[in-house]
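The values are calculated or read from the model by the stated rules, or taken from the named source; none is laboratory data. Because the structure is a prediction, the values reported are computed rather than measured. Backbone-built Cβ (ideal geometry, glycine too); neighbour counts: all protein chains shown.
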Amino acid sequence: MRQTIEIGIDGSALKIDIHRWALQSNGSALITYKDNVLLVTANMREEAKPQQDFLPLMVDFRENTYAAGKIPGGFFKREGRPSEKEVLLSRLIDRPIRPLFAENYHHDTQVIALLLSADFSIDYDALGIIGASASLLASTIPFHTPLGAVKIGWKDGRYSINPGQNMLKELDMVLLVAGTEHEVVMLEASGNEFSEDVFMEGLRRGKEVIATICQAQKELINPAKMAVPANPESDVLVEDIRSKFSAPLKDAIFTQERVLRHLKLKAIKEEILQGKEDEAEIAKIKGAFEKVEAKIFRSTLLQGKKRTDLRAFDEIRPISIELGVLPRVHGSAVFTRGETQSLSTVTLGSEDDAQRLDTLNGDEATKKFMLHYNFPPFSVGEVSFLRGAGRREIGHGNLAEKAIGKVMPGNEEFPYTIRVVSDILESNGSSSMATVCGGTLALMNAGVPIKAPVAGIAMGLVKEGDEFAVLTDIAGYEDHFGDMDFKVAGTEKGITAIQLDIKIGGLTDEIIRRTIDDARKAYRFILAKMKSVIAAPSEKLSEYAPVILTMYIPVDKIRDLIGPGGKNIKELVATFNVKINAEDDGKVSVAAANKEVGEKVIARIEAMTSSPEVNKVYSGKINRIEDYGLFVEIMPGVTGLLHVSEISHRRVRDVHQEFKLGQMIDVKLLALDRDNKMKLSHKALESNPNPEDH
């Protein structure tokens with residue numbers, strides 16, 4: 001049944017139309033906010049697979065180019081594989097809705113969000129989350145809790161609600177928060193070293209908007225929701241395993257070495273499964289086994305105050321750092337924290353190496369700082385295909401890039417394109433935060449003048465009722481069976497990035513404040529470890545890094561540098577094996593193999609583009625010979641007369657006999673009249689054998 005609701009947000013109306021379009025979908029919501037229009041649909045398979053004990057949720061966000069009045073580039077002229085932004089927006093919707101589905105619901109479920117009209121005066125990230133909530137509530141899918149989302153900006157003490165895309169780069173903090181009427185489900189934040197108080201106030205304001213959105217969505221809840229039956233058979237199986245194997249399971253769970261723990265758990269599981277052949281029964285036993293694992297881990301942690309590796313709740317695993325490990329790489333570092341290890345490398349390039357961004361709003365933009373994260377299967381001792389970056393890799397890389405991006409130097413200070421790559425060599429908890437630390441160390445090793453070092457930490461949570469424990473530097477086991485993955489990165493001065501994912505219904509302000517406080521202490525401890533190895537960026541670049549020299553030429557001389565059909569600039573590139581980039585404001589950058597070659601190219605460009613100066617000496621080429629003198633080209637396209645009387649102190653009887661076309665000759669510019677006619681002299685550079693003649 002079609003329904004329409006309107007919600008007032010910061011003076012504008014958010015309109016939600018339920019079942020207006022896509023009527024064969026289980027749930028559909030048309031979201032309109034200003035000129036942004038999104039269609040979000042939700043569907044499920046009627047039957048779940050018998051052996052399936054998890055929620056197979058697929059979320060896809062698509063930015064249709066027609067939404068911005070554009071035709072796609074490329075040969076086929078249609079949308080292709082998802083862009084990095086679409087992948088990130090898909091993850092942004094998935095993360096807050098996933099923990100809110102009914103327990104024991106295991107049907108294949110898909111949420112699709114299509115951007116139909118784009119209004120860039122407001123960012124539409126939060127709208128996809130609201131649309132997913134509305135479409136799921138209106139469906140028969142067992143999703144009962146309204147979810148809201150909002151983006152909050154902060155600059156100069158002022159907060160803004162849902163700032164436009166043109167404002168985002170100017171803000172000192174951008175916070176995206178998703179939550180239920182009373183609690184937070186997901187967070188993302190980035191900014192210029194903002195404080196905890198700025199963050200918490202932004203969160204408070206965001207929760208006010210979210211509460212309004214959630215209250216309005218209550219009337220959208222479909223009363224004919226699919227009932228998810230309890231699973232008493234599973235409960236009996238869980239209790240049976242717990243009563244028989246509790247002691248060996250506890251011993252295995254609290255084995256500190258990850259590989260040995262895995263082997264012990266595997267042996268217990270195989271003992272339980274011995275003689276079992278039915279696939280459905282095996283799947284049920286495996287599911288029950290994992291529930292017993294979780295119960296033992298969680299109860300021991302909360303009641304016995306004991307972590308699997310025996311650390312204190314606020315203790316960080318041992319850290320080791322290696323710098324400059326790869327001799328031919330421009331910068332490198334290996335950061336190891338416990339059983340998580342990142343090999344981070346830095347490559348410096350020229351302007352030509354910058355990434356060209358084909359943005360939906362039509363702006364031609366380039367990206368000069370890139371951070372790429374790779375997670376090969378050997379990092380967790382697995383065997384699988386080595387493919388390109390998946391959604392997880394793109395998400396982790398984006399988080400680390402945001403954390404470090406705010407401390408990167410400006411183009412005027414450091415005119416390089418910079419690529420950081422983090423290859424995870426070993427993983428047991430928070431490889432993305434290891435990437436932040438390793439990436440920072442590699443940048444400093446490379447001599448990139450970052451404004452301040454950045455470190456990151458992952459915080460965890462175990463919560464039962466009102467009792468909870470916040471864990472610092474969570475390992476993989478604690479992440480898997482815990483309730484929260486709260487990542488915080490920052491400098492000594494403040495926070496640069498936050499990302500929160502949870503598995504429970506929501507977090508209170510008390511838990512968030514406690515986590516932020518503990519995270520700040522932790523990442524500052526890691527910063528001290530990093531600074532003890534390298535206190536400041538290296539003063540010299542690698543001998544294998546390109547040298548980039550910059551200069552400015554008059555704007556009207558750019559065409560002289562380029563030449564007809566690019567002849568001049570192509571000749572310089574070919575002759576010196578360099579890269580040259582000329583911008584519209586007259587800035588010219590030269591990327592060369594070494595400083596000597598770069599300076600030679602700069603000198604040639606200066607000669608090609610500068611204006612003639614009186615009393616300056618030039619090495620020119622004779623391009624015309626007349627009886628009365630020589631016409632000498634002292635600069636590209638700039639020719640002056642060297643009169644026969646100014647060639648030499650001696651008498652020149654026949655200029656045709658003494659000089660040839662193309663011959664080089666040094667001349668001094670004696671005078672330049674209003675019409676730019678030049679008086680050149682060669683004899684002014686010679687000593688006069690008869691000084692009394694003057």
| query | Which of the residues that make up segment 251-261 are touching a residue at least 24 places away in the same chain (Cβ under 8 Å), assigned to a helix (DSSP H, G or I) and surrounded by fewer than 17 Cβ atoms within 10 Å (Cβ to Cβ)? | reply | Val259
| Test result for Ser532, free of Cβ contacts under 8 Å to residues at least 12 places away in the same chain, more than 18 Å from Glu193 (Cβ to Cβ) and polar (S, T, N, Q) | yes
| field | Contacts under 8 angstrom Cβ, first residue in segment 629-652 being more than 16 Å from Leu669 (Cβ to Cβ) and assigned by TED's automatic domain parsing to the domain that holds Asp673, partner β-branched (Val, Ile, Thr) and not in a helix (DSSP H, G or I), 6 or more apart | value | Val644/Val652
| task | Would you confirm whether any residue within segment 403-416 is among the basic types (Lys, Arg), out of contact with any helix residue (DSSP H, G or I) (no Cβ under 8 Å at 6 or more places or on another chain) and surrounded by fewer than 19 Cβ atoms within 10 Å (Cβ to Cβ)? | result | no
| message | Tell me the residue from Leu175, Leu171 that is more than 15 Å from Ile18 (Cα to Cα) and surrounded by fewer than 23 Cβ atoms within 10 Å (Cβ to Cβ), please. | response | Leu171
| Restricting attention to segment 184-195, does a residue exist that is within 20 Å of the chain's Cα centre (by Cα), assigned to a helix (DSSP H, G or I) and under 23 Å from Arg62 (Cα atoms)? | no
| query | Does Asp60 satisfy the condition of being crowded, with 18+ Cβ neighbours inside 10 Å and among the charged types (D, E, K, R)? | reply | no
| task | Could you tell me which of the residues Ala252, Ala283, Ala267, Ala247 is among the hydrophobic types (A, V, I, L, M, F, W, C) and more than 30 Å from Gly338 (Cβ to Cβ)? | result | Ala283
| In this structure, is Ile321 in contact with a helix residue (DSSP H, G or I) (Cβ under 8 Å, 6 or more places away or on another chain), surrounded by 15 or more Cβ atoms within 10 Å (Cβ to Cβ) and outside any helix (DSSP H, G or I)? | yes
| task | Starting from segment 64-85, take each residue that is more than 16 Å from Asp125 (Cα to Cα) and in the same structural domain as Tyr33 (by TED's automatic domain parsing) and list its partners that are part of a loop (DSSP other than H, G, I, E, B) and polar (S, T, N, Q), counting only C-beta distances under 8 angstrom and pairs at least six apart or across chains. | result | Glu79/Asn64
| request: Can you confirm whether segment 463-485 contains a residue that is touching a residue at least 12 places away in the same chain (Cβ under 8 Å), within 16 Å of the chain's Cα centre (by Cα) and buried (at least 24 other Cβ atoms within 10 Å of the Cβ)? | output: no
| Top-ranked residue in segment 13-29 [being farther than 12 Å from Leu220 by Cβ and in contact (Cβ under 8 Å) with a residue 60 or more places away in the chain; ranked as surrounded by the most Cβ atoms within 10 Å (Cβ to Cβ)] | Leu14
